[in-house]
Structures are given as structure tokens and as C-alpha cells.
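Peer 1: Dumping the structure here so I can ask a few things about it.
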Amino acid sequence: MIRRFVKKLFHKPGRPTHRTEPEIIPVKKHGITRDMLSRGAEKVCEDLERAGYQAFVVGGAVRDLLLGRDPKDFDIATNATPEQVKRVCRRSRIIGRRFQIVHVMVGPELIEVTTFRALHDDDTATDAHGRVLRDNTFGSQSDDAARRDFTVNALYYDPYDETIHDYHHGYADLKAGQLCMIGDPDVRYREDPVRMLRAVRLGAKLGLEIDAATRKPIRGMAPLLDNVPPARLFDEMLKLLTCGDALACLKRLRAEGLHHGVLPLLDVILEQPLGERFVEQALTNTDQRIRAGKSISPGFLFAALLWHEVLANWNQRKARGEINIPALFAAMSDVLDRQAEKLAITKRLVGDIKEIWSLQPRFEQRSGKRPYALLGHPRFRAGYDFMLLRAQSGETDNELADWWTAFIEGDHNDQETLIASAPRDAASPAKKRRRGGTRRRRSGASGERSTASADHSAE
């Protein structure tokens with residue numbers, strides 16, 4: 001009884017010590033067989049082992065297989081250096097500077113191969129806040145396991161004998177539904193503040209409860225995210241928003257105090273009912289599409305997340321007397337420039353976002369040939385879906401959404417009838433009068449009509 005208590009005390013999930021020898025979990029216990037791996041992962045491991053190196057499937061793929069999920073990709077960890085991996089594996093290239101990895105192509109599949117990393121020491125390059133700047137010191141598998149973020153991500157699967165090597169009780173934590181940091185959470189978050197976002201994402205996505213020790217420092221250390229390069233922060237936020245549980249992730253971000261400074265323009269939006277409904281509807285729709293195996297547009301998602309800030313800026317400009325469309329484009333640039341200080345949204349996505357936003361006023365213009373011109377726009381579908389989202393959240397009238405839906409689905413006669421019955425374009429400018437006084441009217445019927453009108457007025 002006493003021995004069992006001592007063992008439980010020193011091997012508490014979430015606070016593992018640095019073990020040099022793993023627990024070897026047999027296939028009859030964990031249930032993962034090599035035929036559950038991708039062909040690419042299996043081949044890379046075989047090639048490296050044939051060359052005399054160790055090779056394991058590691059991290060998220062092992063975790064997902066244990067949870068009965070289909071892994072998005074397969075990562076390999078090995079004792080071979082990047083140069084050695086490149087010599088062994090055809091169609092491979094070394095990428096990265098701060099953290100070198102090897103990308104290996106096996107048919108259409110991309111396999112990411114990393115070399116076992118050594119533990120950090122006093123010579124490890126860090127910034128003033130403790131964030132690791134360079135990380136290409138290689139070590140043993142036990143070192144590599146201690147370097148990983150969470151216990152459930154430090155599981156190594158050996159395709160040769162189908163065993164799992166577990167250094168930090170990750171298998172037990174996964175079965176218990178716990179997300180536990182390896183090592184001291186304060187130190188680990190300082191090494192890489194993005195781990196706080198990752199904890200939220202994995203907890204929400206996998207349905208794991210973040211344990212107390214892992215959660216405790218997050219709120220106080222949230223400002224460390226200000227020191228993360230915008231490009232890296234964008235990559236992590238993109239993973240979070242496209243994981244299939246974006247709405248749950250966003251709610252967790254707010255609960256942990258992490259949404260401030262990450263998507264700062266959402267801070268105000270999420271405190272007003274209309275903005276919150278709009279964002280929640282956008283994330284719900286995105287999650288549903290991902291779970292159904294349908295494609296999504298990151299540009300559309302960010303357009304939705306930032307729209308109400310654009311709308312507020314646009315309305316302010318119009319109130320100051322600025323012209324409608326130029327005011328919209330100025331508001332768009334304002335919002336994106338401010339957001340770029342935190343998230344380095346790629347130029348391609350910025351182009352998609354701007355097109356979706358700029359199409360919104362055109363849906364109000366339903367006279368003449370304008371609907372046909374809009375229908376032929378390359379980004380019409382994205383703009384239309386965005387307008388539907390605005391209607392669903394109560395921002396714009398359902399009549400507009402219903403009209404365009406009928407216009408898309410109708411034949412030419414139906415479309416002409418809809419155009420004829422549409423209200424006059426609200427944004428259409430009034431026709432300007434010609435300068436130089438009243439134009440001389442032609443004689444004939446029009447002249448008689450003019451005279452009659454004058455006579456009637458005189459009476």
C-alpha cells in the first residue's frame with residue numbers, strides 16, 4: 001500500500017520526471033498495428049532502419065490513433081541527423097533554420113522527419129523573456145521526449161515491433177482524459193509561449209481537460225504572446241480555427257484570457273450581441289464543413305472574424321462625410337494593417353478577404369445588368385455565402401438573402417422578374433443635372449406635355 005502511494009506520488013500525471021528509460025506498451029494493450037500507418041510513414045521508417053538508424057512515428061499521429069481518430073499527417077522522429085536523413089531518403093530536403101527538419105515526399109504524401117533534440121542547458125540561445133531562439137542540438141530519445149510539450153504528444157510508436165515507448169505517462173493521461181505539460185509549465189511556456197494556445201486547441205479538439213498545474217500559469221503569462229513573431233502566431237491561430245472545433249477553441253481562449261492580444265479586434269466584437277452571433281455562426285458553419293469532410297476557405301474565416309471591425313470603421317467614415325465605397329476600402333486597409341501587428345496574414349489570404357468584403361455593397365445593387373455582372377465575378381460564391389452569414393446573424397435583411405438565392409436558382413425569365421420587382425438601389429447615386437440651365441425640349445408630343453403641365457400649374 002505504501003509503495004503504491006509513493007509510486008503514485010512521484011509519477012503524478014502532468015508532473016513527470018525526466019526518465020531515461022521508457023515504459024514499453026505492447027500492441028495487445030494499445031491496439032495500433034503497422035497497417036494503420038500511412039504508406040509514406042511506414043516506408044520512411046523502413047528506409048531509416050535499413051540504414052542502421054532508429055525511426056519512430058511520434059506525436060499527434062500516435063495520439064490520434066489511440067483516440068480512434070484518423071491522423072491528419074504522420075511525423076517521424078529519428079536518431080539520424082538531417083543530413084543523414086537526406087542521404088537515406090529520396091525526394092527529401094532540409095528546411096528551417098531555428099529548428100531544422102527534413103521533408104520527405106513519398107508519392108503525393110509529405111512526411112516530416114525530425115532528429116531527436118537534446119535538453120536545453122545554460123548555453124541555449126533565448127531572448128530576454130526566455131523564448132528559445134535556436135534549437136538544433138541533437139540528443140537521445142529520452143531527451144527528445146522530455147523536450148516535447150504535453151505527455152500525450154510524447155508517445156513513440158515503433159513500426160518494427162508495434163510497441164509504444166512512453167517516457168511521461170502519456171498513455172495513462174490520454175486514457176484519463178488529461179492534458180498535462182511535461183516539466184514545469186512556467187518554464188515551458190517561457191520557452192515557447194505558443195504552447196499556451198496549443199494547450200487550448202488540443203484540449204478543445206480532443207475533449208481533454210487541461211490539468212490544474214498546466215492551466216494555472218496561463219492567464220498570468222498570456223502577455224508573452226506579444227513576443228511571438230506574427231507569422232508563427234498566424235500559423236498557430238490558423239490551426240486553431242481550422243481544427244473542426246474552432247468555436248469551442250475560441251470559448252476556451254476567452255475562458256483562459258488568451259484572446260486579448262491574439263485577435264485584438266475581436267475583443268470588442270465578442271462583447272456585443274450582434275458581433276458575437278456573427279462570429280459564432282461563422283465558426284459553427286466552418287466546424288460543420290470540416291466535420292463533413294468539405295473544403296473551407298481560411299480567407300473567408302478571417303473575413304468573418306474581422307468584418308465587424310471593418311463595419312464599425314466604415315460607418316464612422318461615412319458619418320464624417322466620406323464617400324461610400326472609398327470609405328469601405330480605407331476601413332479595410334485600416335483593420336488589416338492593425339491586425340498585421342499581431343498576426344501576419346499571408347498576402348494571398350489578404351486578397352481573398354478584401355474581395356469578399358468589397359463585394360458586400362454590390363449585393364444591394366439589384367437593378368439593370370448589375371446582378372448579372374456580380375453573378376459572373378470569380379469570388380461571387382464566397383461573397384454570397386458571406387452575405388448569407390450576415391443575414392443569419394441578423395445584420396442584414398433576410399429579404400436580400402432570399403432575393404439572391406432565388407436569382408441564382410431561377411432561369412432567365414425568373415431573374416428578369418426579380419430585377420423588375422427589386423427595390424431601387426440604395427447605393428445608387430442620383431442622376432446629376434446638366435449645367436447651363438434648362439435644356440430646350442423638342443417640339444411635338446413632349447412639347448405639348450410640357451405646355452399642358454405648365455397650364456395645369458397655372459390653374
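Condition check ((1) part of a strand (DSSP E or B); (2) at pLDDT 95 or above; (3) acidic (Asp, Glu); (4) under 30 Å from PRO26 (Cα atoms)) across all residues:
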| position | (1), (2), (3), (4) |
| --- | --- |
| ARG90 | no, no, no, no |
| ASN136 | no, no, no, no |
| VAL152 | no, yes, no, yes |
| ASP161 | no, yes, yes, yes |
| LEU197 | no, no, no, no |
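Peer 1: Please determine, by comparing only the residues of the range 32-61 that are among the aliphatic types (A, V, I, L, M) and assigned to a helix (DSSP H, G or I), which one is farthest from HIS103 (Cα to Cα).
Peer 2: Looking at the filtered set, the residue picked out is MET36.
Peer 1: Of the residues ALA55, ALA77, ALA118, which is surrounded by 17 or more Cβ atoms within 10 Å (Cβ to Cβ), at pLDDT 95 or above and in contact with a Phe, Trp or Tyr (Cβ under 8 Å, 6 or more places away or on another chain)?
Peer 2: Of the residues listed, the single one that is surrounded by 17 or more Cβ atoms within 10 Å (Cβ to Cβ), at pLDDT 95 or above and in contact with a Phe, Trp or Tyr (Cβ under 8 Å, 6 or more places away or on another chain) is ALA77.
Peer 1: Among the residues of the range 310-331, are any crowded, with 20+ Cβ neighbours inside 10 Å, modelled with pLDDT of 85 or more and out of contact with any helix residue (DSSP H, G or I) (no Cβ under 7 Å at 6 or more places or on another chain)?
Peer 2: Yes: the range 310-331 contains one or more residues that are crowded, with 20+ Cβ neighbours inside 10 Å, modelled with pLDDT of 85 or more and out of contact with any helix residue (DSSP H, G or I) (no Cβ under 7 Å at 6 or more places or on another chain).
Peer 1: From (1) touching a Gly at 6+ places or on another chain (Cβ under 8 Å); (2) of a type in the set (A, V, I, L, M, F, W, C); (3) at pLDDT below 95; (4) outside any helix (DSSP H, G or I), pick out the condition that doesn't hold for ALA146.
Peer 2: (4)
Conditions tested, residue by residue: (1) of a type outside the set (Phe, Trp, Tyr); (2) exposed (fewer than 14 other Cβ atoms within 10 Å of the Cβ); (3) assigned to a helix (DSSP H, G or I); (4) at pLDDT below 50.
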residue: THR396; (1), (2), (3), (4): yes, no, no, no
residue: ALA401; (1), (2), (3), (4): yes, no, yes, no
residue: ALA406; (1), (2), (3), (4): yes, yes, yes, no
residue: SER443; (1), (2), (3), (4): yes, yes, no, yes
residue: SER446; (1), (2), (3), (4): yes, yes, yes, yes
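Peer 1: Could I ask something else about it? For ILE345, state whether it is crowded, with 19+ Cβ neighbours inside 10 Å, modelled with pLDDT of 95 or more and closer than 20 Å to VAL279 by Cβ.
Peer 2: In short, no.
Here's the yes/no breakdown for (1) within 26 Å of PRO82 (Cα to Cα); (2) over 25 Å from the mean Cα position of the chain (by Cα):
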{"position": "ASP144", "(1), (2)": "yes, yes"}
{"position": "ASP149", "(1), (2)": "yes, no"}
{"position": "TYR157", "(1), (2)": "yes, yes"}
{"position": "LYS175", "(1), (2)": "no, yes"}
{"position": "ASP192", "(1), (2)": "yes, no"}
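The values are calculated or read from the model by the stated rules, or taken from the named source; none is laboratory data. Since this is a predicted model, take the numbers as computed values, not measurements. Don't worry about glycine lacking a Cβ; one is built from the backbone with ideal geometry, like all the others, and counts go over all protein chains shown.
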